[in-house]
Each structure stands twice: as structure tokens, then as C-alpha cells.
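Reading through the C-alpha cells given below for one structure.
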Amino acid sequence: QVRLVGSGGGLVQPGGSLRLSCVAFGSIDNIYAMRWYRQVPGKERELVASITRGGSTMLSEIVKGRFSISSDNVKNTVYLQMNSLKPEDTAVYYCNVQSGATRMYWGQGIQVTVSS
């Protein structure tokens, strides 16, 4: 059974930093990419960042220059380094692993609150 376990969220002041981690436990074959999404109440879940197994990364325009994504393929772990956080970054963050062409696994959600 596959489980994605995330950590690292919390309350931070504007301008602060947080690092989210997500570990994939269990047997996952043919990982294509690992991603971070976020969602606020009343809005659709949006893609924040992704990294392929080969190391190619993508960041959404709203976080580019402030966030970075990295991974440890041996540990099946993906990280999201968030700097210069803004109140509008407040959301529940979800990690996602894509196996093969279509299989998706989701983490439990990590609350990030940016407030003074």
C-alpha cells in the first residue's frame, strides 16, 4: 500500500520561509513526476511546482522566484522550499506522485498559514 506523508507546514509571518517534505512509502513503480498543489476554500486545487524523475522542474508563475522544488529519488521524497511567503500563499498544500501515465497518489494535505 502506498502512502504519501507530508510534513513541515505551520504558521509563519509574511516574508518568512518554510520547507515542506513529502515521503512516499510503499512500492511505487515507474515514478514519472512528483508535484506540489495547493488549495484554498472555495477554489480549485492549483499546481504549484513539479519535478520529473529526471530532475526537470516547473514552477507556477505566482511562486517563481520564491519557491523551489527538489527531490531525493533514493528516498522517494519531494521538497518544497518556500521563501518570501505572502499571506496569499496561505493554503493546504498537497503532494502528488504520478506513476506511469495516469496513476496518481496524494498526500494528506499540509496547512500553511502566512500571517502576522
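The values are calculated or read from the model by the stated rules, or taken from the named source; none is laboratory data. The model shown is predicted, which means the values in this text are computed figures rather than measured ones. For neighbour counting, all protein chains shown are included, and Cβ atoms are generated from backbone atoms with ideal geometry for every residue, glycine included. Please note that ligands, DNA and RNA were not included when accessible areas were found on the heavy atoms of the full protein model with its side chains. Shrake-Rupley method; radii C 1.70, N 1.55, O 1.52, S 1.80 Å.
So if I take the centroid of the Cα atoms in the stretch 42-111 and the same for the stretch 1-25, what is the distance between those two points in Å?
10
Please work out how much length the chain gains when fully extended from Gln108 to Lys75, using 0.36 nm per residue of separation minus the C-alpha to C-alpha distance, in nm with one decimal.
On the way: separation 33, 0.36 × 33 = 11.88 nm, distance 1.86 nm.
Result for the pair: 10.0 nm of gain on full extension.
Can you tell me the dipole magnitude for the chain around its Cα centre, using point charges on the Cβ only (Lys, Arg +1; Asp, Glu -1), in Debye to the nearest 20? Don't skip to the end; give the middle numbers.
Details: 12 positive and 7 negative charges, 19 e Å.
In total the dipole reaches around 100 debye.
Express the relative contact order of the chain as a whole percentage, based on alpha carbon pairs under 8 Å and six or more residues apart in sequence. Working shown, then result.
Working: 288 pairs, mean separation 42.0, N = 116.
Computed value for the chain: 36 percent relative contact order.
Using the charge dipole of the stretch 18-84 (Lys, Arg: +1 at Cβ; Asp, Glu: -1 at Cβ; taken about the Cα centre), state which of Phe25, Asn83, Thr57 has its Cα farthest towards the positive end.
Highest projection toward the positive end goes to Asn83.
Under a 1.4 angstrom probe, counting protein chains only, how are Asp72, Asp89, Asp29 ranked by accessible area, largest first?
Values: Asp72 45, Asp89 0, Asp29 110 Å².
So the residues, ranked largest to smallest area, are Asp29, Asp72, Asp89.
Counting trypsin sites (Lys or Arg not before Pro) as exposed when in a DSSP loop with at most 11 other beta carbons within 10 Å, what is the longest stretch of the chain free of them? Numbers along the way, then the final one.
On the way: sites that count: Lys43, Lys75.
Counting at most 11 other Cβ atoms within 10 Å as exposed, the longest clean stretch of the chain is 1-42.
How many nm separate the modelled label positions at Ser116 and Ala101, each set 7 Å beyond the Cα in the direction of the Cβ?
Placing both labels 7 Å along Cα→Cβ, they lie 5.2 nm apart.
Between Val48 and residues 5 or more places away or on another chain, which pairs have amide H atoms under 5 Å apart, with H built 1.01 Å from N, and which residues are they?
Distant-sequence amide H within range of Val48: Trp36, Tyr37, Arg38.
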